[in-house]
C-alpha cells in the first residue's frame with residue numbers, strides 16, 4: 001500500500017515537473033522518471049512483461065531519441081519570447097481538462113464496484129499471438145513507419161536540401177502573389193487594347209456605312 | 001482493494017496533466033512530452049483494468065500495442081520537430097504557421 005502511494009505521488013510529481021521544466025533536457029529526463037515509475041506500477045499490478053518492455057522502450061529508447069532530437073534542434077526554451085499569447089489561455093485549458101477529467105471519473109465510477117467474473121488464466125503469448133493477431137500485424141506496420149521516422153530524424157543533408165529546394169520553389173509562388181499580379185495585367189491590357197482596337201475600326205466602318 | 005483505490009488517482013492525474021499540457025505548451029518537443037504523459041496514463045489504465053478484471057494478459061497485450069504505437073508517435077513527431085526547426089528556425093508552435101492573415 002505504502003509503495004503504491006509513493007509510486008503514485010512520484011508519478012504525478014515527475015509528470016508535472018516534465019511539463020514545468022524550463023530546459024527541454026530536464027523535461028526529457030523527468031519523462032524518463034515518469035516512465036520508470038509507470039513500469040514499476042505495472043510490475044506491481046501483475047504485468048511484468050509489459051513493465052520490462054516499458055522500462056526498456058519508454059525509459060530507454062524514447063529518452064535517447066528525445067536527447068538526440070534536442071541535441072540536433074538545440075536547447076530552445078522559448079524563455080525570451082513571451083509576447084505571443086497562448087493558443088488556449090491557461091484558465092480555459094485548466095477548466096477544460098478539469099471538466100473532462102471529472103466527466104471521466106463520473107462515467108467510470110460504477111466500474112470499480114462491479115464484480116468481474118474471473119476467466120481462466122491465459123499466458124500473454126497465447127493472447128498476443130492467437131486472440132490479438134491483428135495487433136501484432138499492426139505493430140509490424142508501425143515499426144516500418146518508425147524506421148521511416150528515424151530516417152527523417154537522421155536525415156542531415158539530402159532531406160534538408162530537398163525540402164529547402166521545395167521551399168525555395170514554393171517561396172516565389174508566395175512572394176509572387178504581390179509581385180506577379182501586376183505582370184499579367186499589362187498582358188491583359190495589351191490583349192484588351194488589341195481586342196478593343198480591332199472592333200473600333202470595324203465599328204467605325206459600320207458607323208461610316 | 002487498496003491498489004484499486006490508489007491507481008485510478010495516478011491514471012486520472014496523468015491524463016489531466018497531459019491534456020492540460022497539450023493545450024498550454026507551445027514548444028513542439030514539449031508537445032510530444034505531453035502526448036507521452038497522456039499515453040502513459042492510458043497505458044496504465046489498460047494494465048490496471050486488466051488487473052482488476054482478472055485478465056491481466058489481455059490488458060498487457062493491449063498495453064504492448066500502445067507502447068509500440070506510442071514510441072512510433074514519438075519518433076515521427078521528433079523527426080517532424082527537428083525538420084521544422086531546421087527550416088523555420090524555431091520550435092514555437094505559433095511561429096511556424098504560414099497561413100497567417
Quick check on segment B:27-38. Is at least one of its residues out of contact with any strand residue (DSSP E or B) (no Cβ under 7 Å at 6 or more places or on another chain) and without any contact (Cβ under 8 Å) to a residue 12 or more places away in the chain?
yes
Can you tell me which residues in segment A:32-47 are more than 19 Å from residue B:12 (Cβ to Cβ) and either at the interface with chain B (Cβ under 8 Å from one of its Cβ atoms) or at pLDDT below 90 (or both)?
A:46, A:47
Does segment A:106-119 contain at least one residue that is at pLDDT below 90, surrounded by 12 or more Cβ atoms within 10 Å (Cβ to Cβ) and part of a helix (DSSP H, G or I)?
yes
Being under 24 Å from residue A:14 (Cα atoms) and facing another protein chain (nearest Cβ under 7 Å) is the requirement here; does residue B:58 meet it?
no
Looking at (1) more than 7 Å from chain A (Cβ to nearest Cβ); (2) buried (at least 22 other Cβ atoms within 10 Å of the Cβ); (3) within 16 Å of residue A:42 (Cα to Cα), find the lone condition where residue B:32 falls short.
(3)
Taking only segment B:72-94 into account, find how many residues are crowded, with 22+ Cβ neighbours inside 10 Å and free of Cβ contacts under 8 Å to residues at least 24 places away in the same chain.
3
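The values are calculated or read from the model by the stated rules, or taken from the named source; none is laboratory data. Just so you know, these numbers come straight off a predicted model, no measurement behind them. Because the Cβ atoms are built from the backbone with ideal geometry, glycine has one as well, and the counts that use them run over all protein chains shown.
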